[in-house]
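Rule-based calculations on the coordinates, nothing more; no lab input. Quick caveat: nothing in here was measured; it's all calculated off a predicted structure.
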Amino acid sequence: MSLGKRSDNGDPARTRTPNLLIRSQLLYPVELRDRSICLMIRAHVTWQAPSGSLTYEHRSGLEGSILARDTEKRRAELRERLIDIAEAQIRAEGSASLRARALAEEAGCAVGAIYNVFTDMPGLQLAVNGRTFARLGARVTEAVAQEAGASPVERLIIMAKAYLAFAADDPRLWRALFEVEMTADSQVPEWYLEDLAGLFAIIAGPLSELHPSATAEEIDTRTRALFSSVHGIILLGLERRISGVPIAKMEAMIEYLLRSLSSSDA
């Protein structure tokens, strides 16, 4: 075993042929930063040599497979609890209202425990957004599945209206998808980009049918153009200001836009 701090400044060479005595040993729990418990051993070890006695104190963690699994389980539970709390907070007051101290208080953990699970607060918001993307994708896919025999243009309209309905039902969580503050050095997680790509892929399907001669790059450009156009209508329409318009009016605007932009193979 490796030895910890010494109680004197003697020369370790003097202990080559000692009599080893374990004076005392104590098993005690220690609370880690994530509030999990690790069992520790504290032992006082004494070497008796002709030139005198040297005493060391040794502490060793019993981090067996059971304790390791328990720590990971606690960490996973804390992660889900923080996402639940942050999701409820965003739904109620928007992403700008997220505060680490308030989240920690409601989760029953230290503020530092949040940063043992997530790198930073934007990382927590991205996790919430991952759930939102999943629910949005499921809603759009379900709406299209109910009209499986519809034409490509009709399917695009169905998708857009499902997107509008989702945004209207959960406006703050929907807005949070596009409100994550990232620093210049931050990298968007790969899973997040994949979720966004999955949303675009749903739109790209009907567009590929409408424009069979278009390259993959052209389809991608048109997909993003259509998404941005529909998103803009919804973003402005849901504003509780002068730009706001009724849901039925937005649906008519979206339908007009999609029929106009998708009708010809340009």
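A few points about this structure:
- Relative compactness, region 90-147, computed as alpha-carbon Rg over 2.2 N^0.38 Å: 1.48
- Calculation over all alpha carbon pairs of region 116-156 in 5 angstrom steps from 0 returns a P(r) of 5, 21, 17, 13, 11, 9, 9, 7, 5, 1 percent.
- Calculation over all alpha carbon pairs of region 178-257 in 10 angstrom steps from 0 returns a P(r) of 15, 34, 34, 16, 0 percent.
- Shape analysis of region 86-219 yields a ratio of the Cα radius of gyration to the Kirkwood radius, Rg/Rh, of 1.07.
- For region 137-192, taking the reciprocal of the average inverse distance between every pair of different Cα atoms yields a Kirkwood hydrodynamic radius of 13.3 Å.
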